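Have a look at the structure below before the remarks.
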Amino acid sequence: MTFYDLLIEKGKKEGIEKNVVGAIILNSRNEILILTRKTNDFMGGIDELPSGNMEKGETIYEALVREIKEETNLDLKKVISYINSFDYVSSSGKKARQFNFLVTVKSEDHIKLTEHDHYQWLSIDDVRKNKRITDEVKNTLEIYCFNFLQ
């Protein structure tokens, strides 16, 4: 059983009905890619990591590859580390868990958004000041900083 399988199995035992993947993508200045949700979408207007639902039969890794490509037009190069997960109730009322990973991409250029209004590269200090980023995402990024920026 892989680490990815262990994460999914643990979620099943804890009543998770929907699995979501999230990606921490950095540019050459160690700024974090943050996307702004469309205002008419669920939780519209919030700033978030590139993320999305796993599809039936898909592994966490496959979902990361697909979601990063779909949301940003960037290509996953490598998963560096699992960071954490957080739970929330989805727009359909299901108990969801977002698994967050630090990843690298082949190139940070040519971002094309399909599901968001805007993107920005933020320093961790800018993330901390941003009122449109949820506490869950801020906590995820603090864990990343603790593990990788010391």
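The values are calculated or read from the model by the stated rules, or taken from the named source; none is laboratory data. Just so it is clear, the model here is predicted, and its values are computed rather than measured. Cβ coordinates were reconstructed from backbone atoms using ideal geometry, including for glycine residues, and neighbour counts include every protein chain displayed. Keep in mind that these areas ignore ligands, DNA and RNA; they rest on the heavy atoms of the full protein, side chains included. Shrake-Rupley method; radii C 1.70, N 1.55, O 1.52, S 1.80 Å.
What to note about this one:
- Qualifying position, being more than 21 Å from LEU7 (Cα to Cα) and touching a Gly at 6+ places or on another chain (Cβ under 7 Å), among GLU48, GLU115, GLU71, GLU67: GLU71
- Taken across region 41-52, residues that are farther than 22 Å from ILE143 by Cβ and not small (Gly, Ala, Ser) do occur, with at least one present.
- Count of residues meeting criterion [surrounded by 18 or more Cβ atoms within 10 Å (Cβ to Cβ) and either more than 15 Å from the chain's Cα centre (by Cα) or in a strand (DSSP E or B) (or both)] in region 37-56: 5
- Test set (1) in a helix (DSSP H, G or I); (2) out of contact with any strand residue (DSSP E or B) (no Cβ under 9 Å at 6 or more places or on another chain); (3) hydrophobic (A, V, I, L, M, F, W, C) - ILE143 fails condition number: (2)
- ALA63 fulfils the conditions (1) open to solvent by less than 70 Å² (accessible area, probe 1.4 Å); (2) assigned to a strand (DSSP E or B); (3) of a type in the set (A, V, I, L, M) except for a single criterion, (2).
- Among the residues making up region 83-114, those that are among the hydroxyl-bearing types (Ser, Thr, Tyr) and assigned to a strand (DSSP E or B) are SER85, TYR88, THR104.
- ASP117, sole failed condition from (1) more than 17 Å from SER28 (Cα to Cα); (2) modelled with pLDDT under 95; (3) part of a loop (DSSP other than H, G, I, E, B): (3)
- Considering region 88-104, the residues that are open to solvent by 20 Å² or more (accessible area, probe 1.4 Å) and not aromatic (Phe, Trp, Tyr) include one that is farthest from GLU67 (Cα to Cα), namely GLY93.
- Selection status of PHE3, touching a residue at least 60 places away in the same chain (Cβ under 8 Å) and surrounded by fewer than 20 Cβ atoms within 10 Å (Cβ to Cβ): yes
- Of ILE16, ILE8, ILE80, all but one fail to be part of a helix (DSSP H, G or I), in contact with a strand residue (DSSP E or B) (Cβ under 8 Å, 6 or more places away or on another chain), open to solvent by 10 Å² or more (accessible area, probe 1.4 Å) and over 21 Å from GLU115 (Cβ atoms); the exception is ILE8.
- Region 105-124, subset touching a Phe, Trp or Tyr at 6+ places or on another chain (Cβ under 9 Å) and farther than 23 Å from GLU142 by Cβ, residue least open to solvent (accessible area, probe 1.4 Å): ILE111
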